[in-house]
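Everything on this sheet refers to the single structure shown next.
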Amino acid sequence: MWGIVPAAGRGSRIQPLAFSKELLPVGSRRDDGIDRPCAVSEYLLERLILGGADKICFVISPGKSDILEYFGDHYGTAELAYVVQPDAAGLCDAVFRASTVVGQHEDVIVGLPDTVWFPKAALQSLPDADLSFLLFPVEHPEFFDAVVLDGEHVTEIQVKQPDAASRWIWGAFKMSARGFRELQSLWNARERRDEYFGTLVNAYLSAGGRGIGIKAGESYVDVGTIDGYRTAMALLADSAEGRSKLRTRASSDGARPVTVNHGAIA
């Protein structure tokens with residue numbers, strides 16, 4: 001199974017940086033008994049691998065060769081590949097550019113490389129469906145893509161909607177080989193005008209497609225903002241303490257839905 005990491009964005013919310021935002025040091029990890037800084041995107045790679053990915057495709061912009069230099073050809077047990085997205089044309093464009101390496105019969109998992117979420121093995125809860133979403137509860141769904149459910153069936157994705165009808169947002173999603181190709185074909189048929197994955201999913205549902213939402217997420221932090229970065233750093237100082245603080249902070253923080261369960265690397 002492939003993991004897809006859309007990493008072509010400019011990261012304007014947390015600039016200026018001298019490197020790609022996906023390499024922002026957040027917490028630390030131990031290698032051969034030595035502590036070293038941990039790039040924020042490593043948290044996603046670890047979770048993709050736990051979710052079953054044995055190959056991971058980074059979708060990068062032409063100026064992000066530092067990601068390739070940092071990760072090389074493998075991470076843990078997963079082989080890595082890189083595909084170029086010439087312009088930051090949105091999540092749909094990034095995801096489907098990975099079709100140049102994803103085989104016709106391979107499932108995919110997609111996550112965002114500037115986030116950290118718990119539990120780290122939550123992707124294992126997603127079913128073998130054409131489209132399924134890993135959901136997290138947040139205080140401010142209007143900053144994200146809120147997922148409206150009927151039981152476990154997705155009825156609508158509300159993209160950054162001020163009056164969102166659900167406090168559950170997607171933090172990652174999985175597609176079967178068939179689901180990936182069907183959504184790509186629909187995106188092409190819609191003249192590739194969908195920038196957000198949520199608008200494409202809404203069209204997919206209207207055309208008779210089905211999506212499943214699984215409420216297996218406990219905490220979620222967007223590290224692409226200064227507030228999120230500060231929260232992550234404070235909570236990663238101690239992984240065990242961070243987990244308990246994260247749940248408390250998530251319900252009381254008035255900024256973005258900061259769900260903090262970052263381990264080091266947790």
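Quick notes
- One residue stands out among those in the stretch 189-206 that are touching a residue at least 24 places away in the same chain (Cβ under 8 Å) and of a type in the set (A, V, I, L, M): the one that is surrounded by the most Cβ atoms within 10 Å (Cβ to Cβ), which is Val201.
- Here Asp87 meets the list (1) surrounded by fewer than 23 Cβ atoms within 10 Å (Cβ to Cβ); (2) under 17 Å from the mean Cα position of the chain (by Cα); (3) over 11 Å from Gly3 (Cβ atoms) almost entirely, failing just condition (2).
- Of everything in the stretch 161-188 that is free of Cβ contacts under 8 Å to residues at least 24 places away in the same chain and among the small types (Gly, Ala, Ser), the residue that is surrounded by the fewest Cβ atoms within 10 Å (Cβ to Cβ) is Ser185.
- Hey, Val26 modelled with pLDDT under 90, in a strand (DSSP E or B) and of a type outside the set (S, T, N, Q) or not: yes
- The single condition among (1) within 30 Å of Ala189 (Cα to Cα); (2) surrounded by fewer than 19 Cβ atoms within 10 Å (Cβ to Cβ) that Asp93 does not meet is (2).
- Looking across the stretch 24-37 at every residue that is touching a Leu at 6+ places or on another chain (Cβ under 9 Å) and surrounded by fewer than 23 Cβ atoms within 10 Å (Cβ to Cβ), the one that is nearest to Met175 (Cα to Cα) is identified as Leu24.
- Those residues of the stretch 125-153 which are free of Cβ contacts under 8 Å to residues at least 60 places away in the same chain, surrounded by fewer than 24 Cβ atoms within 10 Å (Cβ to Cβ) and aliphatic (A, V, I, L, M), in sequence order: Val148
- Within the stretch 66-91, the set of residues being in a helix (DSSP H, G or I) and in contact with a helix residue (DSSP H, G or I) (Cβ under 7 Å, 6 or more places away or on another chain) comprises Asp66, Ile67, Tyr70, Leu91.
- Within the stretch 43-77, the set of residues being closer than 16 Å to Glu22 by Cβ and of a type in the set (A, V, I, L, M) comprises Leu44, Leu45, Leu48, Ile56, Val59, Ile60, Ile67, Leu68.
- Odd one out for Tyr196 among (1) modelled with pLDDT under 80; (2) within 19 Å of the chain's Cα centre (by Cα): (1)
- Filtering the stretch 27-58 to residues that are closer than 16 Å to Thr115 by Cα, touching a Phe, Trp or Tyr at 6+ places or on another chain (Cβ under 7 Å) and not aliphatic (A, V, I, L, M) leaves only Phe58.
The values are calculated or read from the model by the stated rules, or taken from the named source; none is laboratory data. Bear in mind the structure is a predicted one, so any value in this text is a computation, not a measurement. FYI the Cβ positions are ideal-geometry reconstructions off the backbone, even for glycines, and counts take in every protein chain you see.
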